[in-house]
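So the structure is just underneath, and the comments pick up after that.
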Amino acid sequence: TMNAFGLTQIGLILLCTTTISSLQCNHLHLQQQKVVKNSLQLLDKMGKKFPQQCLREKMSFRFPEQVLKPRQKETVKVAIEEIFQHIFDIFSKNLTLAAWDEKALEQFQNGLYRQIEQLEACVIKKQTHYFRSKEPSRLKLRKYFQKVDCFLQDKQHNMCSWEISRAEMRRCLQLIDKVMRKL
Amino acid sequence: GQTTLKTPWDIQVYVVNTNFTLRWNYTGNDSNVAFSAEYRWSEDFETVETEWNELPGCQNVTGTECDFSSAVTEYYDMHHVRVRAERRKEVSPWSDIFEMIPYFIAQIGPPGIELQSTNGIIKIKVSPPEANAVRKMWIAHLRFKYNLVLWENSSNAEFRSLSIFPTHVIDDLAPDTTYCMKVQATLPLDFKEGLFSPVRCIKTTRKVNDLLCATNVSILASNMKFHLHWNNPYKQHVSYNVQYLIGYLKKLHDDYSPKWLNVHGCENITVTQCNFSSIITTTGFYYLRVQAMSESNRSCLSNEVKVNPLITNEIGPPGIKVDISDVLLHIQISPPGGSESEVMRDHYDLSYRILYWKNSSNNEEDIKMKEVKQTIATISDLTPSTLYCVKVQAFSQIYNKSSDYSKEECIQTPGDKILPLIILATFVTALIVVLLVATLLVFALYQAYNKIKYVFFPSCHPPLNIEGFAGQPFIRPYLSTTEEPTEICSIIETVLTEVNHIDFKDYKHSKQSSRDSGNYSNDDDTSGSKASEEKEIV
């Protein structure tokens, strides 16, 4: 069980030991937008057009769009950060059957990871007074990514499952791009 | 009478990864008392309307805790649990309902830890919690951030705490010393700190200081041109290989040692520097290291250096050109970077800070500043006849970076005295020109007027005696038409004395006979008319 001391302990430990040089967190938003745009381009670049034969296996994952629409700007930013983490995790799995462009994939992952690290530092700095968000939409977000993860596992990471997941992640990033323009 | 069984109280659920333990308190006669639990869950958080089910693993339990891990499969749904005591046929009332969403109360289990001690350093390899589990609470294990706590195995040891990647090397340790450590996995965004792994201790070996290794590896980067520099403490011939690693690979649990790549153009070199701009993109981090190779095929790897391109890079000074027109100073800024200027402009969102001052005074307070976003700026409100000096600096607010100042460019503002003179001279010249033109125009008009007047309205009149001849006044002496008959007049002297003596008829007769008498005749084209005319004239 978490108590207040544990909370501040995380904050202090991770704050003092972060290896990232200090950033102006206010302007991270601009960088975030660039990362999203860049990531979308790289997603397109790494593979070809969606193969027709995979249309049969298409699944509806139902991304919980309400997670990007809460009242506070901060909660949206934290949600976006978590989404980046999940996407990064998914694209680290067994990709041999996907047969995508290695260079584009590397750049995609590298870009996501850099943003994750920088965001983490800024979010932690601010969150020493932050209360844990028990919003149901964040749980729906995790359910969504669990669905994608299970889908890939069930299909044994075959080409079609990867292409479907890639299309799904693309849709996800496009939603984020739209939301970020309004922020 | 019959005493009802006491209800269990203080229901708690303890979750580590996917292991669910139900605990409760029971005060009362606990001889032959067994406990059973029920549960229900639903996706909807507001109401849980489903039926209560028996909780597997928590039926007829004699202790005050039970494991019900097999029952829970939906870690994001709301679950309700309740317990009651049972003794033979007696049952206690149901306890208070314990509400939970498994994900929120779950704790992160301990990660695995492997240690290796070589050459005075300790290499740590962390394996994530639930590494080989079939069912996972933490589906994205790459979200974990690992926290290492390290201390020397001696009294009064200081605890060192640091955030590490799954594969980590600690190299600032004392040789031949035993160190102990433990690792925990954390999820910063979820405010979760996991359980620590068991403590592991290891002894460091002696460190062999290989002079072959490159030392003082550092980076100099300007205008997106990246150079690696190092020192060679080895006195003999060494060749170097510069290698790089794409940053995110360290976040993965896979061994990234085979993923180091050679920097093109810095393979088997003998100089102690390398231009590695070719491998840099602005998307993410990179790590660089230098591999030194001696002639005897011995090699040594230097320390790693982390490169965050846009942060490591320094912005170079911009170029500046000044131009003056009256009291306006025009500044043209050429952005830093040359060929790389577009990349820098894109990512840094560059602005420029212009400093300008009068060179005559040496006061610092007279330095004025102007910030612009474009590469062209204009400064007004200058005093005339003064030498102004300007210099420019490029800066990025986003990255909190600024370049050095450009060279100073000085220029003189034109004088005040000259200007009014110029204006006056221009005015006078214009006036003269206008007057001249006006005069010419008037003169030309006057001449034209005269000519027209002479042609159409002549001032000279014909003499009185020929006025009214043939009823035709001479109005157009110069204009003649072919239709009008020309008249040749010849004046014939009249013999007045002959008129008295001549009869009217005779007169006519005499006129007819003598052609020399005072008749004037019209020389007409037709003789017929001539004859008639002679008759008519009296």
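FYI, it's all coordinate maths here, none of it is from the lab. In this text, all values refer to a predicted model and were calculated from it rather than measured experimentally. Glycine also receives a Cβ, built like all others from the backbone with ideal geometry; neighbour counts cover every protein chain displayed.
Can you list, largest first and rounded to whole Å, the semi-axes you get for segment B:215-312 by taking the square root of 5 times each eigenvalue of its Cα gyration tensor? Display every interim value, and only then the final one.
Values: eigenvalues 102, 56, 22 Å².
They are 23, 17, 11 Å, listed largest first.
Measure of size requested: the Rg and Dmax of segment B:9-105, with Cα atoms as the atom set and Å as the unit; please supply both.
13.2, 40
Using per-residue counts of other Cβ atoms within 10 Å, averaged over each peptide, order B:449-455, B:138-144, B:271-277, B:59-65 from highest down.
Details: B:449-455: 10.3, B:138-144: 21.1, B:271-277: 16.4, B:59-65: 13.1.
Taking the mean over residues of other Cβ atoms within 10 Å, the ranking is B:138-144, B:271-277, B:59-65, B:449-455.
Report the full-extension gain for the segment B:His80 to B:Ser42: residue separation times 0.36 nm, less the Cα-Cα distance, to one decimal in nm.
Values: separation 38, 0.36 × 38 = 13.68 nm, distance 0.91 nm.
Computed gain between B:His80 and B:Ser42 is 12.8 nm.
What distance in nm separates the simple spin-label points at B:Asp10 and A:Ser137, each placed 7 Å from Cα in the Cβ direction?
4.0
Any idea how far apart A:Lys73 and B:Ser70 come out in nm if each label point goes 7 Å out from Cα toward Cβ?
So the two model labels end up 5.3 nm from each other.
Return the FRET efficiency for the residue pair B:Arg345, B:Thr205: r is the Cβ-Cβ distance, R0 is 41 Å, and the value is rounded to the nearest 0.05. All intermediate terms of the calculation are to be shown ahead of the outcome.
Details: r = 51 Å, r/R0 = 1.25.
Computed FRET efficiency for B:Arg345 and B:Thr205 comes out at 0.20.
Quantify how much of the Cα-Cα distance distribution of segment B:319-412 extends past 23 Å, in percent. Please list the in-between numbers first.
On the way: 1107 of 4371 pairs.
Considering segment B:319-412, 25 percent of its Cα-Cα pairs are separated by more than 23 Å.
To the nearest 0.05, how large is the calculated FRET efficiency for A:Gln156 and B:Thr50 if R₀ is 35 Å and r is the Cβ-Cβ distance? Walk me through the numbers before you get to the answer.
Working: r = 34 Å, r/R0 = 0.96.
Given R0 = 35 Å and the Cβ-Cβ separation, E is 0.55.
Run the simple label-point estimate for B:Lys373 and B:Val134 please: 7 Å along Cα→C-beta, distance reported in nm.
Label at B:Lys373, label at B:Val134, 6.0 nm between them.
Work out Dmax and Rg for segment B:113-212 from the C-alpha atoms and quote the Rg first, both in angstrom.
Both quantities, over Cα of segment B:113-212: 15.2, 51 Å.
Work out the FRET efficiency for B:Leu328 and B:Leu431 from their Cβ-Cβ distance, taking R0 = 30 Å, and round it to the nearest 0.05. Let's see the in-between values first.
Working: r = 28 Å, r/R0 = 0.95.
Plugging the Cβ-Cβ distance into 1/(1 + (r/R0)^6) gives 0.60.
To the nearest whole number, what is the average tally of beta carbon atoms from other chains within 10 Å of the beta carbons of peptide A:103-116?
Numbers: counts 1, 0, 0, 8, 6, 3, 8, 10, 6, 3, 11, 9, 2, 5.
If you average over the peptide's residues, the count of other-chain Cβ atoms is 5.
Using only the alpha carbons, work out the radius of gyration and Dmax of segment A:28-181 in angstrom.
Expressed in Å, the Cα Rg and Dmax of segment A:28-181 come to 15.6, 51.
Past 24 Å, Cα to Cα, is the threshold; run A:Lys49/A:Lys93; A:Lys49/A:Lys77; A:Lys77/B:Lys145; B:Lys235/B:Lys306; A:Lys34/A:Lys147 against it and keep the listed order. Could you put the intermediate results ahead of the total?
Details: A:Lys49/A:Lys93 21 Å; A:Lys49/A:Lys77 31 Å; A:Lys77/B:Lys145 19 Å; B:Lys235/B:Lys306 28 Å; A:Lys34/A:Lys147 28 Å.
Violating the 24 Å limit, Cα to Cα: A:Lys49/A:Lys77; B:Lys235/B:Lys306; A:Lys34/A:Lys147.
Considering the dipole of segment B:9-105 built from charges on the beta carbon (Lys and Arg +1, Asp and Glu -1) around the Cα centre, which of B:Ser95, B:Phe68, B:Asn32 is farthest to its positive end?
Of the candidates, B:Asn32 comes out farthest on the positive side.
How big is the equivalent ellipsoid of segment B:1-43 along its three axes, where each semi-axis is √(5λ) from the Cα gyration tensor, reported in whole Å from largest to smallest?
Working: eigenvalues 142, 34, 15 Å².
Value: 27, 13, 9 Å, ordered largest first.
Quick check: Cα centre of segment B:48-90 to Cα centre of segment B:424-440, how many Å?
One Cα centre to the other: 111 Å.
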